[in-house]
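Enquirer: Below is a structure I'd like to ask you about.
Nothing in this text is a laboratory measurement; each read-out follows from the coordinates by a stated rule. A quick note: this is a predicted structure, and the numbers were derived from the prediction, not measured. Cβ atoms come from the backbone with ideal geometry, glycine included; neighbour counts cover every protein chain shown.
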Ligand SMILES: CC(C)(COP(=O)(O)OP(=O)(O)OC[C@H]1O[C@@H](n2cnc3c(N)ncnc32)[C@H](O)[C@@H]1OP(=O)(O)O)[C@@H](O)C(=O)NCCC(=O)NCCS
């Protein structure tokens, strides 16, 4: 594995993250899972996710057309280019899309970022979210050099709570009335994983 010298530097000092990595890099995952950038051909799978009731329940910002998905993918590419975020398809061997994972809200001064994910219904219950999140987390903390990654979810979303805990994100508290969902405001659990946890 080739290490960017800035990453080595960040790891040595354990203070601040390196700047963003080249666009070809994506975090490695286990068991045939590969995290890779979104491709135009993924648009139908991405759009289909937002027809699922569970994904609709927890994700209020939704694309409604193929064209809109492609615009989102373009925003994702811009986010990467301008060091604002990374958005990956969780795939089986780089081909079949199983889910989505993202690193957002990058703050290179404080060394913080937050994560988000969903998994397509047919791929659930097989460790896709937890393995994808563990891979992304190891990459962001150990290679890019972030210090703290946050994850929040509605207190009603028990599946996401389990994914967070299983991936080493400790529950730090409850943000009251913090996010609007279709059925109103929800309290949100705040989880975080810190380098060295
Ligand atoms: C939450 C979600 C990402 C989980 O994906 P997944 O790939 O099925 O999760 P995993 O297989 O990695 O499961 C990880 C753990 O969560 C548990 N889990 C998964 N679904 C669960 C559910 N519905 N209820 C309770 N626990 C659940 C698993 O049992 C496992 O724990 P274990 O190893 O102790 O048994 C998926 O159900 C989903 O996309 N839901 C809708 C969108 C969503 O909630 N996104 C997150 C918003 S914050």
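Enquirer: Considering only residues that are in contact (Cβ under 8 Å) with a residue 60 or more places away in the chain, more than 10 Å from the chain's Cα centre (by Cα) and part of a strand (DSSP E or B), which ones fall in the stretch 91-105?
Expert: Selection gives 92, 98.
Enquirer: Please give the number of the condition residue 110 fails out of (1) part of a strand (DSSP E or B); (2) at negative phi; (3) away from the ligand (no atom under 13 Å from the Cβ).
Expert: (1)
Enquirer: Just give me the residues in the stretch 128-143 being in contact (Cβ under 8 Å) with a residue 40 or more places away in the chain and in contact with a strand residue (DSSP E or B) (Cβ under 9 Å, 6 or more places away or on another chain), in sequence order.
Expert: Within the stretch 128-143, 128, 131, 132, 135, 136, 137, 138, 139, 140, 141 qualify.
Enquirer: Kindly provide the set of residues from the stretch 151-172 that are outside any strand (DSSP E or B) and near the ligand (Cβ under 7 Å from one of its atoms), ordered by number. Lay out the reasoning, then the answer.
Expert: Residues of the stretch 151-172 outside any strand (DSSP E or B): 155-169.
Hits for the stretch 151-172 are 157, 158, 159, 160, 162, 163, 166.
Enquirer: With 156, 191, 181 as the choices, which residue is crowded, with 20+ Cβ neighbours inside 10 Å and either farther than 19 Å from residue 87 by Cα or in contact (Cβ under 8 Å) with a residue 24 or more places away in the chain (or both)?
Expert: On the way: 156 fails: crowded, with 20+ Cβ neighbours inside 10 Å; 181 fails: crowded, with 20+ Cβ neighbours inside 10 Å.
Answer to the selection: 191.
Enquirer: One residue is enough: does the stretch 66-88 have a residue meeting the conditions surrounded by fewer than 18 Cβ atoms within 10 Å (Cβ to Cβ) and under 22 Å from residue 124 (Cβ atoms)?
Expert: Within the stretch 66-88, none of the residues are surrounded by fewer than 18 Cβ atoms within 10 Å (Cβ to Cβ) and under 22 Å from residue 124 (Cβ atoms).
Enquirer: Where residues in the stretch 139-150 are in a helix (DSSP H, G or I) and over 12 Å from the mean Cα position of the chain (by Cα), which of them is nearest to the ligand (Cβ to nearest atom)?
Expert: Ranking the qualifying residues of the stretch 139-150, first place goes to 141.
Enquirer: For the stretch 89-112, enumerate the residues that are more than 16 Å from residue 42 (Cβ to Cβ) and surrounded by fewer than 19 Cβ atoms within 10 Å (Cβ to Cβ).
Expert: Filtering the stretch 89-112 for residues more than 16 Å from residue 42 (Cβ to Cβ) gives 103-112.
Across the stretch 89-112, the qualifying residues are 104, 105, 107, 108, 109, 110, 112.
Conditions tested, residue by residue: (1) within 16 Å of the ligand (Cβ to nearest atom); (2) in contact (Cβ under 8 Å) with a residue 24 or more places away in the chain; (3) within 24 Å of residue 111 (Cβ to Cβ).
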{"site": "46", "(1), (2), (3)": "yes, yes, no"}
{"site": "51", "(1), (2), (3)": "yes, no, no"}
{"site": "55", "(1), (2), (3)": "yes, yes, no"}
{"site": "73", "(1), (2), (3)": "no, yes, no"}
{"site": "78", "(1), (2), (3)": "no, no, yes"}
{"site": "87", "(1), (2), (3)": "yes, yes, yes"}
